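The values are calculated or read from the model by the stated rules, or taken from the named source; none is laboratory data. In this text, all values refer to a predicted model and were calculated from it rather than measured experimentally. Note that each Cβ is placed from the backbone with ideal geometry, even for glycine, and that neighbours are counted across all protein chains shown.
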Amino acid sequence: MNEQARKARDIITGYKGRPLRIMEVCGTHTHEIFRLGLRKLLPDNVELISGPGCPVCVTPVGFIDEAIWLALEKGCIITTFGDLIRVPGTEMPLAGARAKGAQVRPVYSPLDAVDMARENPDEQIVFLAVGFETTTPSACLAVETAKKEGLKNFSLLTANKTMPNAYKALEGSADAFLYPGHVNAIAGNKVCEELKERGVSGVVAGFTASELLIAIAVILKNAEKGEPFFVNCYPRVVKDEGNPSAQKLIAKVMETCDTEWRGLGVIPMSGMKLRDEYAEFDARLKYDMPKITGKPNPACRCGEVLQGKCKPSDCKVFGKVCTPEHPVGACMVSDEGACAAYYQYGENL
Amino acid sequence: MSEKTVTLAHGAGGKQTSELIDQVFKAHFSNPKFTADDAAVLDIGEGRLAMSTDGFIVSPFEFNGGNIGKLSICGTVNDLACMGAKPLYLTCAFVIEEGFPMDKLEEIAAAMEKTAAEAGVVIVAGDTKVAGKGQVDKVFITTTGVGRIMDNAHTSGAFAKPGDAVIVTGDIGRHGCTILLARDEFGIDAEVDSDCAPLWGTVESLYSVTDDIHTIRDATRGGVGTVLYEIAEQSKVGVRLNTADIPVDPAVKGVCGMLGLEPLYLACEGRLVIIAPGDKAPALVEKLREGKYSKNAAIIGEITAENAGRVVMETEIGAQTMLPQPGGELLPRIC
Amino acid sequence: MCVGLSAKVVSVKDGTALIDANGARREVSADILEELEPGDYVMVHAGVAIAKITESDEDEAVDVMENFI
C-alpha cells in the first residue's frame, strides 16, 4: 500500500459523519471490493451496496433461452464470455445445453469469434454480445470486421446495455455512486456531470486497491460538505470526453433500444441493437427467431438485490438452494455478482 | 517408425499386440519384475503400505515441461509420497485412440521410463487397449502404485492444528497455466512451463529435518486453494493466508490477469502443501530450498482455531477476506 | 463490469497491437485508439485497447488526494 492509499484508509476508518450508502455499479468493483476485504474496513455508518453493473447479472433469462434455441434448433456454435455459460435459463444454462450437444465455446474477445467464423466457413458462429459501454466497441469491431471481409457465417445475439437510464432508474437507491471506470473511459464523464446537476453525487473509480480506497475517501470527504459532487478519481484512464473513436464506432454500428434488465424489468432506451445496415449480422433476424420470453424462478430476489433494496442474505434461496454450484439467479453466477461475492467471500467473517 | 500409427489390430491381443508391447513398452519398462505372466509377483516386506491410483486424460497430451507419460508417473508417485511412502511399484494401463502416432507413444513411454527411474519406482505390469477413432481423445493412462510408508511418517489431511504453518514447495499454478496456454483457446502467449515433477525426494528431505509433519498434499486438480479447503474441512480448522507471501510466477500472474483467473485454483503437478508446527517451519523451508523441485518454497500462512472450515486471506490493504470456495468449471471471467 | 488489464504495447501494425502484461502476450485491436506506439501503456478489455494510460497509479493517487481531499 502506498502512502496515499494509507491516508485514504485512515479517512475511511475514521469517518464519523452522517450515515452514507454508496452504490458500486460495476461488477469488477464488487469483485475487487470483496477480494480486498474492503467492506471490513468500513465504519458502521458507511454501507457499500452492489448495484446492477455485472452484465451477466442483468442479462434476462430469455436471453439464455434465445442462445440455447440458436444452438440446439439452428445448430449454431455459440461463442461467449465464459461468465455466461452457467447462467440459468428457463430450463437450463448453456452448460446444460452443451451436455445435450450444443456447441458452446468461451472466447476472450468477440474478435476471436470472427476468427473462428473465418476459419470454419461451414459453421455458423454466433457471439453473445452482452456488456456495457466498455464492451460494446469490441462487438461493433467484430461486426465491422465480418462485414468488411464479407463473412456470411457470423452474427451477434445482442443484449448490450448502456448506463445513463439505469442511473435514472436507480436514483434514490444510494447517497453516492462509485461510477464504473471503464464505462467512463469509453463514454466520458458527461452523464455523471449531468447527474450532479440533478443532485446525484458520485466519483469515477479505478480498480487497484489504492484507487478504490482513494475513491471512497473522496466520497466521504465530499459528502461531509453537503453539496452534490462529481470527481474523476481515475484520470490516468478516464478523460472527460471518453474515447471519441469508440463512441463514433458504436453510433455507426448500433442504435439504442428498449431492453429488459434481469430484476429491473424493461428500461426504455437502455439497450443497444444493430442498425438496419448491419441487419444481416443480427442473429434474431438472420434465423427468424420467434419471440422467446424466459420465466425466472419466482423465489429469486436478484432484482431487489441489484437495486440495493435487499441484501443477498435476505433472499430465501440464498446459500441454500442457490449456490455458485447451482445458481438460481444470475447474481450467484458471475464472480462479479453480488450474491456470489457475498456467498464466496463470507460477508459475516 | 515416424509414419506408423496404432491400429485396432494392436489392441486385438494377437501378434501385433505383442509387437506393440515389445517395441514400445518392453523397450522402456523392461525389468526383472515385469514378466509375461498374468501378474507381477512382488516381495513387499514388513511395514505399512500406501496404495493409490489415478487416471490421466490431459489435453493436449504434450505440453511445455512434460507429457501425459511423465504426468502419469508423477501423479501417482506424488500421491504416495504425500503419505510419507517411498514409491516401490507401479502399474500402468493405456487406452489409445486408433490412429495415434507410434512415435508419440514411444515418447510417452520414454518419459515414463525416465520419470520412474528418477522417482525410484519400478513399473511391474501394464495393459494396453486400443479404442476406435473418436472413442477416446488420443491417449488415456491410468497408473496404480504402492509404496512403503516410513515408520516415522504419520500424515493426514485431518492432522492440521492451530499454530501450524502452511508451506508450499514452490510457485503455484504453473501446470494449469501451461495447459491453458497449450490449448491455445485464448490467443495468449507466455513463457510458462509445467511444474510437473516426481516429489519423493522432496518429501524424504523433509524428514531429515523433523518427523513432526502433520499434512502433506500435492496440489493437483483445483490447485492450492482446493487443497487448503479440504484440509480446513478435514481437520476442522481455519487457514489464514498472507496474499503477499504466495509465490506466483509473473507470467502466470499475467495470464491470470488477462482471463480473470485466480492462481490459487490452477493445478500444480509438482507442488506440495505442507502443514507442520510453526516453530519447525523455517528449518523445513530452508531444507526445501536446497531441493531441485522446491527452490521457491515459502511459508504462506498458518492454521487457526477460528474460522474452522474456511480459508481466509490477509489482503494488501490490511483487511481479511475469505478465499472464494472453488466450484464448478474454471471459466475465464472477462466481462 | 469490465475486467480491464493494463499492459504495455510491444508493437503496432495494421490496427493490431501486441501487448505484454507481466510476460503474458496477446494481440489486441488498436482500432479505437489513435497514435498508439510501442512503449505506451493501455487498458485492454475483451481484446480491445480502450484507453491510453499511465504505467502506475501512483501519480494519480497524489493528484487526487491533493485536489479532492
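Computed values, structure above
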{"read-out": "Identity of the residue in the range B:226-253, buried (at least 24 other Cβ atoms within 10 Å of the Cβ) and under 30 Å from B:GLY187 (Cα atoms), that ends up farthest from the other protein chains (Cβ to nearest Cβ)", "value": "B:VAL227"}
{"read-out": "Enumeration of residues in the range B:73-95 that are surrounded by 24 or more Cβ atoms within 10 Å (Cβ to Cβ) and in a strand (DSSP E or B)", "value": "B:ALA85, B:PRO87, B:LEU90, B:CYS92, B:PHE94"}
{"read-out": "Members of the range C:34-69 found to be among the aliphatic types (A, V, I, L, M) and either more than 7 Å from chain A (Cβ to nearest Cβ) or part of a strand (DSSP E or B) (or both), listed by number", "value": "C:LEU36, C:VAL42, C:MET43, C:VAL44, C:VAL48, C:ALA49, C:ILE50, C:ALA51, C:ILE53"}
{"read-out": "Unique residue being in contact (Cβ under 8 Å) with a residue 40 or more places away in the chain, of a type in the set (Val, Ile, Thr) and under 22 Å from A:PRO60 (Cα atoms) when the list is A:VAL114, A:VAL130", "value": "A:VAL130"}
{"read-out": "Matching option when the condition is over 21 Å from B:GLY301 (Cα atoms), at pLDDT below 95 and among the aliphatic types (A, V, I, L, M), among B:LEU199, B:LEU180", "value": "B:LEU180"}
{"read-out": "The range C:1-33, subset more than 14 Å from chain B (Cβ to nearest Cβ) and touching a residue at least 12 places away in the same chain (Cβ under 8 Å), residue farthest from A:LEU249 (Cα to Cα)", "value": "C:VAL9"}
{"read-out": "Top-ranked residue in the range A:197-217 [being part of a helix (DSSP H, G or I) and more than 20 Å from A:ASP240 (Cβ to Cβ); ranked as farthest from the other protein chains (Cβ to nearest Cβ)]", "value": "A:ILE216"}
{"read-out": "Helices (runs of 4 or more DSSP H) (entirely within the range A:238-349) containing at least 3 residues that are under 21 Å from A:ALA67 (Cβ atoms) and away from every other protein chain (no Cβ under 14 Å)", "value": "A:283-286"}
{"read-out": "Output for the range C:58-69, where each listed residue is touching a strand residue (DSSP E or B) at 6+ places or on another chain (Cβ under 9 Å), surrounded by 16 or more Cβ atoms within 10 Å (Cβ to Cβ) and not aromatic (Phe, Trp, Tyr)", "value": "C:VAL64"}
{"read-out": "Matching residues, the range B:193-204, being surrounded by fewer than 17 Cβ atoms within 10 Å (Cβ to Cβ) and not in a loop (DSSP other than H, G, I, E, B)", "value": "B:GLY201, B:GLU204"}
{"read-out": "Filter result (free of Cβ contacts under 8 Å to residues at least 40 places away in the same chain and at the interface with another protein chain (Cβ under 8 Å from one of its Cβ atoms)) within the range A:31-59", "value": "A:LEU41"}
{"read-out": "A:ASP44 vs. criteria within 16 Å of A:LEU84 (Cβ to Cβ) and at pLDDT 90 or above", "value": "no"}
{"read-out": "Qualifying residues in the range A:1-30 (those that are more than 7 Å from chain C (Cβ to nearest Cβ) and among the charged types (D, E, K, R)) - the one farthest from A:GLU171 (Cα to Cα)", "value": "A:GLU3"}
{"read-out": "Residue within the range B:298-311 that is crowded, with 19+ Cβ neighbours inside 10 Å and at the interface with chain A (Cβ under 7 Å from one of its Cβ atoms) present", "value": "yes"}
{"read-out": "Qualifying residue in the range A:186-194 (condition: within 11 Å of chain C (Cβ to nearest Cβ), part of a helix (DSSP H, G or I) and β-branched (Val, Ile, Thr))", "value": "yes"}
{"read-out": "Checklist (1) within 11 Å of another protein chain (Cβ to nearest Cβ); (2) not in a loop (DSSP other than H, G, I, E, B) applied to A:TYR167, failing item", "value": "(1)"}
{"read-out": "Hits in the range A:236-270 - residues which are closer than 22 Å to A:HIS182 by Cβ, surrounded by 14 or more Cβ atoms within 10 Å (Cβ to Cβ) and touching a Gly at 6+ places or on another chain (Cβ under 9 Å)", "value": "A:ARG236, A:VAL237, A:VAL238, A:LYS239, A:GLY242, A:ASN243, A:GLN247, A:THR256, A:THR259, A:TRP261, A:ARG262, A:LEU264"}
{"read-out": "Residues of the range B:216-229 classified as more than 19 Å from A:TYR345 (Cβ to Cβ) and not in a helix (DSSP H, G or I), total", "value": "6"}
{"read-out": "Strands (runs of 3 or more DSSP E) lying entirely in the range B:230-335 (those with 1 or more residues that are of a type outside the set (Phe, Trp, Tyr) and more than 30 Å from C:ALA21 (Cβ to Cβ))", "value": "B:238-242, B:272-277, B:298-304"}
{"read-out": "Residue match in the range A:137-146 (condition: assigned to a loop (DSSP other than H, G, I, E, B) and either touching a residue at least 12 places away in the same chain (Cβ under 8 Å) or surrounded by 24 or more Cβ atoms within 10 Å (Cβ to Cβ) (or both))", "value": "no"}
{"read-out": "Condition check for A:GLY53: in contact with a helix residue (DSSP H, G or I) (Cβ under 8 Å, 6 or more places away or on another chain) and surrounded by fewer than 17 Cβ atoms within 10 Å (Cβ to Cβ)", "value": "no"}
{"read-out": "Matching residues in the range A:1-30 - criterion: being of a type in the set (S, T, N, Q), over 17 Å from C:GLU66 (Cα atoms) and either in contact (Cβ under 8 Å) with a residue 40 or more places away in the chain or buried (at least 24 other Cβ atoms within 10 Å of the Cβ) (or both)", "value": "A:THR28, A:THR30"}
{"read-out": "Count of residues meeting criterion [touching a Pro at 6+ places or on another chain (Cβ under 8 Å), under 27 Å from A:ALA139 (Cβ atoms) and not hydrophobic (A, V, I, L, M, F, W, C)] in the range A:283-323", "value": "3"}
{"read-out": "Flag if A:ILE64 is among the β-branched types (Val, Ile, Thr), touching an Asp or Glu at 6+ places or on another chain (Cβ under 8 Å) and either more than 10 Å from chain B (Cβ to nearest Cβ) or under 30 Å from A:SER313 (Cα atoms) (or both)", "value": "no"}
{"read-out": "Selected residue [hydrophobic (A, V, I, L, M, F, W, C), modelled with pLDDT of 85 or more and within 21 Å of A:VAL25 (Cβ to Cβ)] from A:MET272, A:MET289", "value": "A:MET272"}
